[in-house]
Structure formats: structure tokens, C-alpha cells
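Okay, so here's the structure we're looking at.
The values are calculated or read from the model by the stated rules, or taken from the named source; none is laboratory data. Since we're looking at a predicted model, the values are computed, not measured. A quick note on method: Cβ atoms are made from the backbone with ideal geometry, for glycine too, and the neighbour counts reach across all protein chains shown. Just the protein is used for accessible areas: all its heavy atoms, side chains included, with ligands, DNA and RNA removed. Shrake-Rupley method; radii C 1.70, N 1.55, O 1.52, S 1.80 Å.
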Amino acid sequence: MKISTTGRIITITTLGTIVLIAAMVGWAQAEVSAADRQRVRAGEITRALSDLRLVSFEFILHRPERARLQEQQTAAHLDLLLSDGRFAQADPSTSLAALRDRAGAAHRLFTELLARPGGDADADVVAERRYLAQLTTRLLLQHQEMASDALLLADHTRARIDAARGRLIFVILGGLALMAVTTAVAAWLIHCKVLRPVRRIEEGTREVAAGNLDFRLNLASNDEIGRMARNFDTMTDALRSSFEQIERSNHELAALNKEMEAFSYSVSHDLRAPLRSMDGFSLSLLEDYGDKLDDEGRDSLVRIRNASQRMGRLIDELLGLARVTRTELKVRQVDLSAMVREIAESLQQRQPERSVQWRIDDGIEVRADRALLHIALQNLLENAWKFTVRADEALIQVGTVEHEGQPACFVADNGVGFDMAYADRLFGAFQRMHHENEFPGTGIGLAIVQRIFHRHEAAIWAHSAPGEGATFYFKFRDTHDERSRQGHPAG
């Protein structure tokens, strides 16, 4: 059964129990109210009987005219009370019927007393008095019987009140017991259907988080949690397969790295030797036999030397690209501003004849591998140095700007720039924005830069326009600039 269906059943059962208890309490309370109304009416009947008895005594003793009128009014009121249909039970109905009969008999006796002259001189006084005494006795006996019936009626009403209150208490206690049972059943269902499977799933997540991918929930229920548990088991199976595939891939990658290291060793030793031989023999030919060669021969030897030297530089760059890929990162706090100044001083010492203006912000710090960051900045600054060679007033800037709410570093120059239409080729190996005859280079430097920043999980991008210089931006996770510089570099 689905959890949603179980929830609906629990809800309907609970609501039905509440409605049933409310109906039973309402019925019991109605019984109490009806019994209380009977008690009130029984009290009214008792008071009416008491009034009728007092009026009868007064008439017997004094025979005033007003007693006759009061008896008529009280008798009429008593008849009205006795004709009420509130006493539907058997015992009260019997007592009420007896009261009606006795009230009628008492009224007839009182009427007969009214008809007797009581003090006529011509009548047989002794016989008349004896008869009046008999009527009075019978009337008083009727009132006594009616008082007994009234007490019996009051006892019935009190008994009914007690019974109704007992039923009300029973209904309340029964309702509480029924609610307790319903709650216990609902709690048991929630425990079995929800809490226990959820604890099992929680245990499974802890096991998987700890690396135990062989753990299985094995919940056989067909509800939502059961389906989720089966999906969880399927997920762990997929994760286990994925990790096994990753482990195999890691072994393959380790094997490839060893092959790469062997290849790098071969490149650095086996390929360099022929290149050195080509360069050395070409130089010997130029020095020893240059005067015996014509211009075309000497030019060919020069071309051979340049090609072998360029090939050597390409090998060095490729080995450098491989090294930055394999080198283990040692991330620490690095003063980027100080590093840039060291590289700038080195470039200036290499070509002291050049006049380049440097603008380097102070206090730029990043968390990075110092050696790899030095290689990346070396390439960026060498490019800026190289491409500003034709500028009238060469300017190279290094600072920070605000980018998407976070500081980003930049290296900007006012050199030749490049067309942004070819920006997608900018960081590819052997991709050049300018011909080698204009600006020498291997086309691998920016590929190395991008590889270094990607290893730091840092972003790098560029913005440029032909003749307006180029700006390279890079953003680490943790970059700090004491000056909190904002804006964009000057072109």
C-alpha cells in the first residue's frame, strides 16, 4: 500500500473517530439536558401540588371565596404541567398518569365540598358534618397520594439524570480510549511504513558516504519509500560500476603517464642529440667552409641552424606543457605583485634598451602553486613585452578588477592586440594570432598558461582589439587586493 493511501486512511479514520465521539458526546449531553428539563418540570409539579394543598387547607379551615378561585387557577396550572410530554419513559409516565388521575379526583372532591352548604340550620347537622369530614379526609388523602407520586416522579428524574451523566462519562472515556487506539495504530503504521525505512535509508547514506558501495537497503515494500530504496540500490550499483571504471581508467592513466615520462625522456635525450648535431655541424660548415660556399649555400646552412634551434625550443615548450600537467600542486599564499616585479625586472635586464612603463598594483595575493604561477605570469608578461615592441610608449599593467562580485587579476598591454573573432583559438597549442616573421614564438605559451590556471580551478579569459592592446583576466577562488581596486585597466 502506498504511503499516500495509508495517510488518507489514517486521516479518514481519525476524522471519523472524532465525528463519532462528537456525535456520542452530543447524544449523551442531550440526554443530560432532557433529564435536567424533566427535573425542572418535576419541581414545578411539586410546587403546584404544594400550592393546591395549601389552597385546599385554607378552604377547609375558613371557606373564603378567594380560595375557590385560587384552587381553580392552581388546578388548571397543574393540569397544564401534567399534560407535558417530556416524561416519555415508562416509569415517569406511570407516575404522571397516576398524578393526573389523583389531581382529577382531588378537584372533584374540592368541587363537591364547594357544593355543600356547610352551616344550614334546617339540615341534619350531625350527618352533614360527618359527610364533610369524610370528603375532607378523602381530599387530604388524595393530596397525600399526589405528594407521594410527585416524590416518585422526582426520584425518576434524578435517576435519569444520574444515568445520563453516567452515559456521558462512559462516552467520554470510551472516546478517549478509541482515540488512544486510533493514535496507537496510526503511530504503528507510521513507524513501520515511514520511520523504520527512513532510518534504513539514513544508514545507507552513511555507509555510501563512508565508501561502502556494496551496501544495499533491500526494502521489499511497494510504496514510495520502497521505490526510493530500490532506486537507491540501483544508484549504488551504478556508482560502484562508475568507480570501478574510474579505477580502471586511473590505472590506464597511470600507465599512460609512465609512457609519457618515457616519451619525454626520449624526446629530451634521443631527439635533442640529432638536433644538436645538425646545429653544430651547420655552424662548423659556416665557420670552416663558409668562404668556399656561395650565398645560397650559406643561407641554406643558416636556415638549417634556425630550424634546428626552433625545433629545440618546441621540444622545450612541449616538455614544459607536460610538466605543468603532471606536477603536484603545492598551494600556498603567494604575493603576486612581488612576483610580477621580479619578472618585469628580469625582462628589463634582458633588453635594457627598451623603455617600457610598468603599472603594478600593490598587495595582490592569491592562493596558488608558486612555481606554476611563476610560469604562467612569465608567459603572460613575455607576451605583453613582445607585443608592445612597436608601441611608441609601451605600457604594461597588472592589477585587479571587480568581476561578478569577486576580484579578478589582469595583465594588460597597449600592444598590437588581436581580433576577438579568433579568440577561440587563443589558448590552443601551436595556435598563433600573428605570423612568426612579425613576432617570434612557438604558439604553446598560452596553452601552458591555460593549463596551469585550469589545474588551480581558476578561470582565464581575454579581451582585445587590433591596435588597442590585449588584456588577460584570471580569477582564483581566493584573491586579495589591499587596495580593492575596481574598474578596468587603462588601454
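Roughly what would the spin-label model give for Ala238 and Asp419, points 7 Å off Cα along C-beta, in nm?
4.6
List the residues, sorted by chain then number, that are 5 or more residues from His403 or on another chain and whose placed amide H is less than 5 Å from its amide H.
Ala408
Using R₀ = 41 Å, calculate the FRET efficiency as 1/(1 + (r/R₀)^6) where r is the Cβ-Cβ separation of Thr137 and Val181; round to 0.05.
It comes to 0.05.
If I compute solvent accessible area with a 1.4 Å probe over the protein chains, what percent of it on the range 329-481 is carbon and sulfur? Can you show the working numbers first?
Working: 3320 of 7310 Å².
Result for the range 329-481: 45 percent of the exposed heavy-atom area is carbon or sulfur.
Arranged from highest to lowest average of other beta-carbon atoms within 10 Å per residue, in what order do the peptides 187-198, 105-116 appear?
Result, highest mean Cβ count within 10 Å first: 105-116, 187-198.
Can you run phi through the Karplus equation (6.51, -1.76, 1.60; θ = phi - 60°) for the range 206-212 and list ³J(HN,Hα) in whole Hz, with x for Gly and Pro?
Once rounded to whole Hz, the list reads 5, 5, 5, 4, 7, x, 8.
Above 21 Å lies some portion of the pair distances; for the range 3-189, what is it as a whole percent of all C-alpha pairs?
63
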